[in-house]
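> Encoded as structure tokens, here's the structure I'll be asking about.
The values are calculated or read from the model by the stated rules, or taken from the named source; none is laboratory data. If you're wondering where the values come from, they're calculated on a predicted model, not measured in any experiment. Every residue, glycine as well, gets a Cβ built from its backbone with ideal geometry; the counts of neighbours run over all protein chains shown.
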Amino acid sequence: MVKLTEKMRQICVYQFLQIKRALKLLPAVMAVSVLFGALAAAAAFGGAKLLYQDRAVGRIAVAVVADADDSVGQMALSMLSSMESVESICDFVETTEQEAREGLKEGRYYAALLIPPRMVEGIMDGTNTPVRVLLSGQGSLETLLLRQLTESGAQILDAAQAGIYAADFYCGELGMEQLIPQVEQFLNQVYLDYALNRSGWFRKTAVSALGEMDLLGYYGTTAIALLLFLSGVSCASFSCRESRALEEKLEAEGVGICARLFGKILAVAVLLLAAVLLLAMPVSAGLSGWGMRGLELSGYSVFCAAAAVLVCASVIVFCFETADSLLAGTMLLFVLTGALIFLAGGLLPPAFLPGLLRPFSRWNPASAVRGLLGPLFGYAAGWQAGTAAVCGFLVFFGLGIFSRRRMR
Amino acid sequence: MIEVAQISKAYGRRQVLSQISFHIEEGQCVGIAGANGCGKSTLLAILAGAVRPDGGKVLYHGSPADRGRYRKEMGYVPQGNPLLPELSVKDNLKLWYKGSEKEWKREQDSGIIAVLELGPLLKRDAGRLSGGMKRRLSLACALMNHPRFLILDEPGAALDVVCKEEIRQYLSEYLKQGGTVLLTSHEERELSLCGRLLLMRGGRLTEIPADTQAGELAVMITAETR
């Protein structure tokens, strides 16, 4: 009993001093995290600029060629363009046919609508002179959407017209021609209601490749996980194996491999948790300042973050223990982090990963870390993340002990 | 006091220690000499409990040496300095110290900290100390708990003459007070402290006269190396 107490005391003192030693690296870890964060933000900003070239995404420019003297046609067009659903994605530009065709060729317009004279009257009397829709041949997503939109609109119009003509014919057959305006008005109202406001009949269910998380939560957890793993570089000197003399003396004093390795992992975890908490406060304030949702710093989210950093620390310590040199350890950490984050669906959502790799997206330490960081963004961590975290920690802790025993 | 019986150790296919047996009496200073890489440090690490032998046993007062009493009464100074460089001298000493706060005060005022002149350096990071001071700190780490048996692996290696002499004087004082020492060294001055001298050759130990001169020792070691 006395032996156990003395041994435990020695282990506790060693553990306390390791944590103290690790915390001395806090300024360096924070500085590197800020630097990595700034680089990641710059890369993301640059990527977005490159992809979208400073152009608003989702607006579809449509050229409209209409007879300026056709007041009813102009009114219909104005109604269409002021409809909320259309207004949010389309810009209608009135122009001439020649200008519209040139604009299509140059890519300024995604489509051109050539509205025939007296179009509305044609619909009313059944002659139905069609609207000619010219689409650019680029086959872009916007063009495809517009084609679908116009075809659907035409089908709705066809069905509405068929219904109205059938009612007119039936009234005529029954000798009740005086009722035709009322019937048409009623049916127009019904068709318009169905055509324009059908969304009310359905329950809205948002389906996203990002899972439960929104964009901020998804990339936020990925960014923090990346920062945590790569922060290992700034505490590399600490994570590397102790000097042989120190290892021998600790062993002689009864502080075995498991206690030493666990001590180191715990110290790195405390260091990373301190860095996360210190950085989380200004980041949260910054997000709120930009009108976004701030981070949730509750007891639950801090507990989950502590579990997440423990997993990160086990991976970091494993890399430097196995490589046994700063450079090799850093390289191994970079490669392993990249692979784990990719497999965890941190860069591309898991739905876009090849089928063979998809099982790894749930059961790897990086997905556990991302899942456990979820509560910082207001999402529950879930049992799967907890299980993956425990498994990930045990695997890397075990591998660390194995590599240390092999190298003795 | 210490009985080493049939200790063997191999690293891969290389047999470093073969059936080594010897004993050390209380108050003795035993020196082990030998060529570089002959297994002296491995033997000391086994005696300190840092490395497990493939075979054989170490007994301390008749009991297996992996017991708590042996750990408590043995001080080990490995070849390198077992220090945490980012921490202060005080923290490094506290890592190995097993006494109370009250006793710590006494150590600081008149004990090993004062004797090895580490008092003014307590707040300095161990990594910033000179080689000599680091070695002195390593020695202090081993002596903090007043061990009855000291295992020293080349205590004066890579130190200047002044430091070597200071450490030698301290060991001499320790022996006068009844301490037991087992050390390895290549230094004639250090080995001159030893009442018994063992030569390690081909993984085996041979006792040689304690007054063997450096020249003769060199011939013995060289003969084994060739």
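> With respect to B:ASP109, determine if the residue is within 12 Å of another protein chain (Cβ to nearest Cβ) and at pLDDT below 90. Write out each step before concluding.
On the way: within 12 Å of another protein chain (Cβ to nearest Cβ): no; at pLDDT below 90: yes.
Answer is no for this residue.
> For segment B:16-44, which residues satisfy the criterion of being surrounded by 15 or more Cβ atoms within 10 Å (Cβ to Cβ) and assigned to a strand (DSSP E or B)?
Matches in segment B:16-44: B:VAL16, B:LEU17, B:SER18, B:ILE20, B:PHE22, B:ILE24, B:CYS29, B:VAL30, B:GLY31, B:ILE32, B:ALA33, B:GLY34.
> On to the next question. Hey, could you check segment B:73-96 for residues that are under 14 Å from B:LEU122 (Cα atoms) and touching a residue at least 40 places away in the same chain (Cβ under 8 Å) and say which is farthest from the other protein chains (Cβ to nearest Cβ)?
Looking at the filtered set, the residue picked out is B:VAL89.
> (1) facing chain A (nearest Cβ under 7 Å); (2) closer than 25 Å to B:SER185 by Cβ: which one isn't true of B:GLY68, the others all being true?
(2)
> Restricting attention to segment A:221-251, and to residues there that are within 13 Å of chain B (Cβ to nearest Cβ) and crowded, with 23+ Cβ neighbours inside 10 Å, which single residue is nearest to the chain's Cα centre (by Cα)?
Going through the qualifying residues, I end up with A:CYS235.
> Also: Consider segment B:192-211. How many of its residues are over 26 Å from B:GLN6 (Cβ atoms) and either under 19 Å from the mean Cα position of the chain (by Cα) or crowded, with 17+ Cβ neighbours inside 10 Å (or both)?
Counting residues in segment B:192-211 that are over 26 Å from B:GLN6 (Cβ atoms) and either under 19 Å from the mean Cα position of the chain (by Cα) or crowded, with 17+ Cβ neighbours inside 10 Å (or both) gives 2.
> With (1) surrounded by fewer than 20 Cβ atoms within 10 Å (Cβ to Cβ); (2) modelled with pLDDT of 80 or more as the list, and B:ILE221 as the residue in question, which single condition is left unmet?
So B:ILE221 meets the others, but not (2).
> Moving on to the next point. Looking only at residues in segment A:393-408 that are of a type outside the set (A, V, I, L, M, F, W, C) and at pLDDT below 90, which one is surrounded by the most Cβ atoms within 10 Å (Cβ to Cβ)?
By that ranking, first place goes to A:ARG404.
> While we're here: Out of all the residues in segment A:208-220, is one or more under 30 Å from A:LEU399 (Cα atoms), within 14 Å of chain B (Cβ to nearest Cβ) and at pLDDT below 90?
Quick first cut of segment A:208-220, residues under 30 Å from A:LEU399 (Cα atoms) only: A:218-220.
Narrowing the set further to residues that are within 14 Å of chain B (Cβ to nearest Cβ) leaves none.
Among the residues of segment A:208-220, not one is under 30 Å from A:LEU399 (Cα atoms), within 14 Å of chain B (Cβ to nearest Cβ) and at pLDDT below 90, which makes the answer no.
> For residues that are closer than 28 Å to A:GLN10 by Cβ and among the charged types (D, E, K, R), scanning just segment B:141-172, find the one that is nearest to the chain's Cα centre (by Cα).
Going through the qualifying residues, I end up with B:ASP153.
> Here's a follow-up. Report, by residue number, each residue of segment A:379-388 that is crowded, with 21+ Cβ neighbours inside 10 Å and in contact with a Cys (Cβ under 9 Å, 6 or more places away or on another chain).
Selection gives A:ALA381, A:ALA385.
> With the requirement that a residue be outside any loop (DSSP other than H, G, I, E, B) and either within 17 Å of the chain's Cα centre (by Cα) or of a type in the set (Val, Ile, Thr) (or both), what does segment B:45-72 give you?
Of everything in segment B:45-72, those that are outside any loop (DSSP other than H, G, I, E, B) and either within 17 Å of the chain's Cα centre (by Cα) or of a type in the set (Val, Ile, Thr) (or both) turn out to be B:ALA45, B:ILE46, B:LEU47, B:ALA48, B:VAL58, B:TYR60, B:TYR70, B:ARG71, B:LYS72.
> Could you pull out the residue among B:GLY132, B:GLY156, B:GLY178 that is within 29 Å of B:ASN36 (Cα to Cα), assigned to a loop (DSSP other than H, G, I, E, B) and more than 13 Å from every other protein chain (Cβ to nearest Cβ)?
Answer to the selection: B:GLY156.
> Moving on. So, restricting to helices (runs of 4 or more DSSP H) that lie completely within segment A:258-377, which ones have at least 1 residues that are touching a helix residue (DSSP H, G or I) at 6+ places or on another chain (Cβ under 7 Å), assigned by TED's automatic domain parsing to the domain that holds A:LEU228 and surrounded by fewer than 21 Cβ atoms within 10 Å (Cβ to Cβ)? Spell out the reasoning first.
Values: elements: A:299-323, A:326-343, A:358-362, A:365-373.
By residue number, A:299-323, A:326-343, A:358-362.
> Does any residue of segment A:78-97 turn out to be surrounded by 13 or more Cβ atoms within 10 Å (Cβ to Cβ), at pLDDT 85 or above and part of a helix (DSSP H, G or I)?
yes
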